[in-house]
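The values are calculated or read from the model by the stated rules, or taken from the named source; none is laboratory data. Quantities reported herein were computed from a predicted structural model and do not represent experimental measurements. With ideal geometry, Cβ positions are generated from the backbone for all residues, glycine too; neighbour counts draw on all protein chains shown. All accessible areas refer to the heavy atoms of the entire protein, side chains included, with ligands and DNA or RNA removed. Shrake-Rupley method; radii C 1.70, N 1.55, O 1.52, S 1.80 Å.
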Amino acid sequence: MDSIIVTGNGPLQGQIPIAGAKNACLTLMPATLLSEEPLTLTNAPRLSDIKTMTTLLQSLGSEASSLQDGKVISLSSHDLTSHTADYEIVRKMRASNLVLGPMLARLGQAVVSLPGGCAIGARPMDLHITALEALGAEIELKDGYLHAKAPGGLKGAVHELRFASVGATENTVMAATLAKGTTVLKNAAREPEIVDLVRCLRKMGAQIEGEGSSTITIEGVDRLHGATHPVVTDRIELGTYMIAPAIAGGEVECLGGKLELVQSFAEKLDAAGVSVEETDTGLKVARRNGRVQAVDVKTEVFPGFPTDLQAQMMALMCTAEGEATLDETIFENRFMHAPELTRMGADIEVHGGQARVRGVERLKGAPVMATDLRASVSLILAGLAAEGETRVSRVYHLDRGYENVVAKLRGVGAQIERVKEE
Ligand code: UD1
């Protein structure tokens, strides 16, 4: 197991390339199951979660090859040999459940392990199940697996999600592409990753309207064909690196970044005293003067403030002038970074879904532990602004969602290295 050592060494300067979105790629890849023809994804991120999804698809009979050093993923699901997503793979990554809708649509049956408890909350699958049942699926839970079947095929229906779940929207839209008739999904999630999925499905021949709004209408077709699609920019990686110059000072241009992907987040940065400017090549971010100011944040579904940037924002607020309140409304247990940041001298109080952060003038380096994906990167960001050395252990969480974090931050002048843990 590796650790990352960061030593705060002042302002950052330069450019950071932003990769394709992990969360978009993880829903685009299972779309291969909907067609006998090949699906090629370009601008793919090189991450361990992508490898996990590749392994899962291969276990179902898909052929996968990775080209251009992993930036292009070529998938073919001509002959599927299994309809069971095994617990051994699913337990590693919740997004494995995104094979349920496509498999059910293509094969009329699917057996998918429940993902099990996740560190950041319960994350059940009831919304996926009720939506697919509305399309005519029969689903039962046996031995920790969801057994789904649709003997006569799926049928279009009008269904309203109780909550605008990202994964439930993705599973339902994919399933509905091959259902008989029209599906109207209400209270659908509006995240850019869903817009990207719909654009790809449309290239494959699907008839869908309304992506990016809360009502998505899908007209089922008999079959989908092959396509080539570039994965949308990772707005969470983008937001993460936007925090780097905000917390350490300096000016960084995030290449490939677009304001529309991070609007609500950029507004909070602006209120905190960080300028964000769209350029021809990306987003240029600079801390205006002195310390950032405390701003309150509440996580919400898109276009609200993303829960996946809450930990990084908390790291920034640890060094802000004043007191900030962070409300986490999406996941019930997503403040595990707080005690680790406290070890670095932060002043944080957590009560249920709310954290209060009183900014301190300077954080101090300390050995800390990564507890989940976004928590790990928040500790690295805090380390950029801390006095002395911060050693972040258990960085395998980081490899799930950030490619080349050390090289990217070194490129803008940070003192950071990856070492083997004794
Ligand atoms: C996706 C993202 C994840 C992000 C999250 C919220 C991927 C691979 N992951 O996860 O990074 O943090 O969106 O933006 O895209 N819920 C239920 N029942 C369900 C499904 C969800 O109660 O059937 C609850 C969850 O417990 C959670 C909330 O809804 O509290 C949000 O979950 P959801 O939007 O489904 O997130 P994911 O798709 O799992």
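Quick look at the values:
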{"item": "Prolate/oblate/rounded call for segment 122-223, Cα gyration tensor, a/c under 1.5 rounded", "result": "oblate"}
{"item": "Extension gain (nm, one decimal) between Thr329 and Asn289, 0.36 nm per residue minus Cα-Cα", "result": "11.3 nm"}
{"item": "Cα gyration tensor shape for segment 191-240, rounded if a/c is under 1.5, else prolate or oblate", "result": "oblate"}
{"item": "Among the listed pairs Lys51/Lys258; Lys142/Lys203; Lys155/Lys298; Lys71/Lys142; Lys186/Lys284; Lys142/Lys298, those beyond 30 Å (Cα-Cα)", "result": "Lys142/Lys203; Lys155/Lys298; Lys71/Lys142; Lys186/Lys284; Lys142/Lys298"}
{"item": "5 angstrom amide H check on Gly226, placed H, neighbours 5+ away", "result": "Glu37"}
{"item": "Packing-based order for 76-82, 101-107, 263-269, 367-373, using average beta carbon neighbours within 10 Å, highest first", "result": "101-107, 367-373, 263-269, 76-82"}
{"item": "Shape call, segment 274-360: gyration tensor on alpha carbons, a/c limit 1.5", "result": "oblate"}
{"item": "Label point distance in nm, Met1-Glu251, each placed 7 Å from Cα along Cα→Cβ", "result": "4.2 nm"}
{"item": "Karplus-derived HN-Hα couplings along segment 207-220 (A = 6.51, B = -1.76, C = 1.60, θ = phi - 60°), whole Hz, x at Gly and Pro", "result": "10, 9, 9, x, 4, x, 10, 8, 10, 10, 10, 10, 9, x"}
{"item": "Pairwise centroid distance, computed over Cα atoms, of segment 166-238 with segment 346-368, Å", "result": "39 Å"}
{"item": "Environment charge of Gly352, counting only residues whose C-beta is closer than 15 Å and scoring Lys/Arg +1, Asp/Glu -1", "result": "-1"}
{"item": "Under Karplus coefficients 6.51, -1.76 and 1.60, residue-wise ³J(HN,Hα) of segment 357-364 in Hz, glycine/proline x", "result": "10, 9, x, 10, 5, 8, 7, 10"}
{"item": "Label-point separation in nm, Glu267 to His147, each point 7 Å along Cα→Cβ", "result": "4.9 nm"}
{"item": "Within the chain, helix-based [θ] at 222 nm, where runs of 4 or more DSSP H residues each add -39,500 (n - 2.57), nearest 500", "result": "-8000 deg cm²/dmol"}
{"item": "Accessible area per residue in Å² at 1.4 Å probe, computed on the chain", "result": "39 Å²"}
